[in-house]
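Accompanying notes for the structure given below.
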Amino acid sequence: MPTTSQSLSFPIQGDKQNSSFFNEYLGKLLEERDSLGISDMIHEIDAMMLTVEPGNSIEYIEELCLMSPYHYLVTLESESHWSHVLRIDMKTPDLIIREVKSDDTKGIFRSLNEIFPIGTSKPHSRYMGEILRVTDLHNVVKLQQRRGFQFFSQDDVRKLELPGNLAIVKPSPYTHNIVAYLEREPEEPRVYALGVSRVLNEAQQACETAKQQQNALGIAELILPVDHLATRIYSQNREVAILEWLSLSSYYYWGSFDIVDQNSSTNVTKSIHYKDEFHSPAKVFTANNTPYFVNHFKIFPSPTENFVRNYGPRLHHIALSVKAGNQQGMENIDFVVDAISTQGKSFLLDVIGSKDEGLKQIFSSASEHSSLIIEYVQRFGGFQGFFTKDNVAKLTHAAGIEEELLRMQAEAKNALSA
C-alpha cells in the first residue's frame, strides 16, 4: 500500500475567498491523489522548457548565464530544433531552451501565440511547461488518463521533436502550459532522449563570457536557484487552473491573497515533498479578480488580465532568490541589481520592500529573447512568504506599464506588415 502524503495537512494562508466548488474539489482531488499513490510517485520539477525565435538562443543563454546561476551544459539537435540544456546542479531544475531552425516552422506551441497581439509578434517565443520526475511512469500515466488527462502519443512526441522518454500531457486550456513526466531515480542522471548530443562552441563561449562577467562583478555566489514560477491566467480560470496543476503534480495549495489595488489575486502552490523551493520551485498563479469586460463600470485597473489578453495565458516571470547578507554596505539584492544594470540590463522599477518587512523584490524588463521577466527576491529573518501586498501591487503596476508599451509597439509592427 502506498504511504499517504497528507496533501491536505498543510495550513492554508491568505485572505482570498474561494468558491464552494474550489473548496469541495480541492479536498476530493487531493484525497484521491493520495489514495491512488500518485502523490508518492510524482516528485520534483526536474526541468523547465521554453522556446525562442530562430537565432536568439545563444544571446539568451548569455543573458541567463549572467543573470542566474545557470551554466550551459549541452545541445541536443533534432531535425527542426536545437534544444540547449542549462543546469545548476542535480538538486535544482534544468532549463531547456528550444530554438526552431526556421521561422517557417509550424506547430501547436506556435499556434498558442498567434491569436494574441504581442504573442503573434514573436510566434515561437513562449514558456512551454515543466518536466516532473516520477518513479513509476507507466502507472502515473495510466492513473492520470483514468482521471481524464490526455497525453500526446509517441508519434506526436516524435513529430513535435520533444524527448522520446517523456510522457507529455496536452496543453492546459487554462494556462496553455504542458506537464511532462520523466521516470528517474534520484541518484540517476537526467537524460533527455532527443537528437544528437554535442557541446556547441558558441553556446559554451557565450556562457563562459557571462560567468566571467559575474565573477568580475562579484555576484556569482549571490544569485541562487529558482524560487518560484509565476503564471498569469484569465480571471474565470483561476480556481480550475490551480486544481488542474494540483491534480497533475504532488503540490499542495499554500494559499491566495487579494491584491485589491491591482484588481488581482496571487495564488501559491508548493511541493509536499520538499520544503526547499530550490529543489522544486513554488508554482504561483495570478489572475484578475474581475473579467476585463466589466472593469469599465468601476474603472478597475487590469494589468494582469491585460497581459493575458496580449500574450495569452502563460508564464510571466521566473523568480530567483538572492543570498542573505550585504556587500559594500548594500543588501545583496541591491548589489546584484546595480551590478547587472551596468551590463545594459534594465529593470522595471527600483528594488522595493525592506528588511523590516521581511522581503525585498524587483522585476527585470521582459527579455527580448523570451518575453520572460526575471524577478529577484531576498528574504530576511526567516520570512516564509513570496510577497507583501504592497510589493506585489507595485510590481504588478510596473509590469503593466511595460506591457502596454509592448502592446502598442506590436500593434504598430503588425500594422506595417499588413
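Each reported figure results from applying straightforward, stated rules to the coordinates on display, with no laboratory input. If you're wondering where the values come from, they're calculated on a predicted model, not measured in any experiment. Note that each Cβ is placed from the backbone with ideal geometry, even for glycine, and that neighbours are counted across all protein chains shown.
Between Ser20 and Asp258, the FRET efficiency from the beta-carbon distance, with R0 = 25 Å, is close to 0.90.
Taking the number of Cβ atoms within 10 Å of each Cβ as an exposure proxy, the fewest-first ranking of Val308, Val169, Val141 is Val141, Val169, Val308. Cβ crowding within 10 Å ranks Thr175, Thr209, Thr290 as Thr209, Thr290, Thr175, fewest other Cβ atoms first.
Its DSSP H runs of at least 4 residues, each contributing -39,500 (n - 2.57), put the calculated 222 nm mean residue ellipticity of the chain at -9500 deg cm²/dmol, to the nearest 500.
For the peptides 92-98, 267-273, 125-131, the ranking by mean Cβ contacts within 10 Å, running from highest to lowest, is 125-131, 92-98, 267-273. Evaluated over the Cα positions of the chain, the convex hull gives a direction-averaged projected area, one quarter of its surface, of 20.4 nm². In this calculation the C-beta distance from Lys91 to Asn326 is compared with R0 = 25 Å, giving a FRET efficiency of 0.45.
Could you identify which residue out of Ser102, Ser302, Ser365 has the top mean-square fluctuation in a GNM of the chain using Cα springs shorter than 10 Å? Maximum among the listed residues: Ser102. Largest GNM mean-square fluctuation among Pro225, Pro11, Pro117, using the chain with Cα springs under 10 Å: Pro11. Listed here are the pairs Lys28/Lys283; Lys91/Lys355; Lys170/Lys275; Lys170/Lys211; Lys275/Lys355; Lys91/Lys159; which of them are more than 26 Å apart at the Cα? Going by Cα-Cα distance, Lys91/Lys355; Lys170/Lys275; Lys170/Lys211; Lys91/Lys159 fall outside the 26 Å limit.
Which order do the peptides 369-378, 47-56 come out in when sorted by mean C-beta neighbours inside 10 angstrom, highest first?
So the order, starting with the most tightly packed, is 369-378, 47-56.
Spin-label model, Asn165/Ser365: points 7 Å from Cα along the beta carbon direction are separated by 4.1 nm. Please work out whether the stretch 218-413 counts as rounded, prolate or oblate from its C-alpha gyration tensor, where a ≥ b ≥ c are the square roots of the eigenvalues and a/c under 1.5 means rounded, while otherwise a/b larger than b/c means prolate and anything else oblate? Oblate, because a/c is 1.5 or more while a/b does not exceed b/c. Residue exposure proxy: Leu320, Leu217, ordered by other Cβ atoms within 10 angstrom of their Cβ from fewest to most, comes out as Leu217, Leu320.
Modelled label positions at Leu349 and Ser35, each set 7 Å beyond Cα in the direction of Cβ, lie 4.6 nm from each other.
Across the stretch 142-158, coupling constants 3J(HN,Hα) worked out from phi with the 6.51/-1.76/1.60 Karplus curve, θ = phi - 60°, read 4, 5, 5, 5, 5, 8, x, 7, 9, 10, 5, 6, 4, 5, 4, 4, 5 Hz, and Gly and Pro carry x.
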